[in-house]
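Each value in this text was obtained by applying a stated rule to the coordinates, not by laboratory testing. Please read these numbers as outputs of a predicted model, since none were measured by experiment. Quick reminder, even Gly has a Cβ in these numbers, built from the backbone with ideal geometry, and neighbours come from all protein chains shown.
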Amino acid sequence: MPGPVKTQGVVLRSLRYGEADRILHLYTRERGKMGAIAKGVRRARSRFGGRLEPFFRLDLILHEGRSELLTVTGAETVAGYPRLREHAGALDTAARACDAVSRLFDTSDPHPGVYNLLCNELALLDGDPARAGHANQLAFRLKLLLAAGLAPQLAACVSCGEREHLSGFSGAAGGVVCPACEAGSFPLDEEAHAFLVGAMGRPLAETPPAAERALRQAERAIVDTVEHHAGVRWREAIAG
């Protein structure tokens, strides 16, 4: 039945609409990805102020009618993450995190783990904007793959089970491969493999460092995996 909906969500994207409105892309704890319209929000005396901007974490009251877009009727700030907005690298990393969530979890199915991961990422960037950068972006995306059930096989050759000499990666096969099974794979150095294992297994705050060459190989592994198994293209991660 149409009526009020209470939820907590992060503003992924905010688009101007008409003379004074905004269309919001939200990722919510209870209802996954949602679209909403904030009427009159761009007027100087709007009761929403500036809180319906990207990366704000909000307690929301929405009205659900016949339109696919819900209408924002109330919004209170849970976290505004002001420090990340003052740092270009952190701002870009936050935008790429929101975009990655939006593309891979583009449904109304709730996924509290993904919501918590996104909030954790924004809080880390706000607490220490210097965390922004290539390694952080890749670690976040690996954890999204894990949440989606698409995590690559890293412990043994995905084709034969060999646990030694894992020198390649196959996105189509879904993980690392040994020399005997390397057809269709690309080279994966030991440092890149170690980064993938560490980034997947550790908290975001403990993302391991790696040389840029290793990070580029790790990114290719992540990109190939999500494109082959989810049909999703992510924006390129960039070094901070």
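So what does the Cα-only Debye profile of the stretch 24-168 read at q = 0.09 Å⁻¹, as log10 I(q)/I(0), no solvent term?
Result of the Debye calculation: -0.36.
If I model a spin label at residue 211 and residue 228 as a point 7 Å from the Cα along the Cα→Cβ vector, what separation in nanometres do I get?
Distance between the two pseudo-spin positions: 2.6 nm.
Roughly what angle does helix 134-147 make with the longest principal axis of the chain, taking Cα atoms, 0 to 90 degrees, to the nearest 10?
That works out to roughly 80 degrees.
Run the numbers for residue 162 and residue 71: contour at 0.36 nm per residue of separation, minus the present Cα-Cα distance, in nm.
27.3 nm
Could you work out [θ]222 nm for the chain from helices alone, using -39500 (n - 2.57) per DSSP H run of at least four and dividing by all its residues? Round to the nearest 500 deg cm²/dmol.
Mean residue ellipticity, 222 nm, calculated: -10500 deg cm²/dmol.
Report the Cα centroid-to-centroid distance between the stretch 91-108 and the stretch 162-240 in angstrom, as an integer.
Between the Cα centre of the stretch 91-108 and that of the stretch 162-240, the gap is 20 Å.
Would you mind checking the tilt of helix 112-127 against the longest principal axis of the Cα atoms of the chain, expressed as 0 to 90 degrees and rounded to 10?
90
Could you calculate the FRET efficiency of residue 190 with residue 109 from 1/(1 + (r/R0)^6), where r is the beta carbon distance between them and R0 is 35 Å, rounded to 0.05?
Efficiency, from the Cβ-Cβ distance: 0.40.
Multiply the residue separation of residue 130 and residue 59 by 0.36 nm, subtract the distance between their alpha-carbon atoms, and state the gained length in nm to one decimal.
Going from the current span to full extension adds 22.8 nm.
If one takes the longest principal axis of the Cα atoms in the chain, at what angle in degrees, from 0 to 90 and to the nearest 10, does the Cα axis of helix 190-201 lie?
Long axis of 190-201 versus the principal axis of the chain: about 40 degrees.
Given the Cα-Cα distance of residue 45 and residue 120 and 0.36 nm per residue of separation, how much length would full extension add, in nm?
23.8 nm
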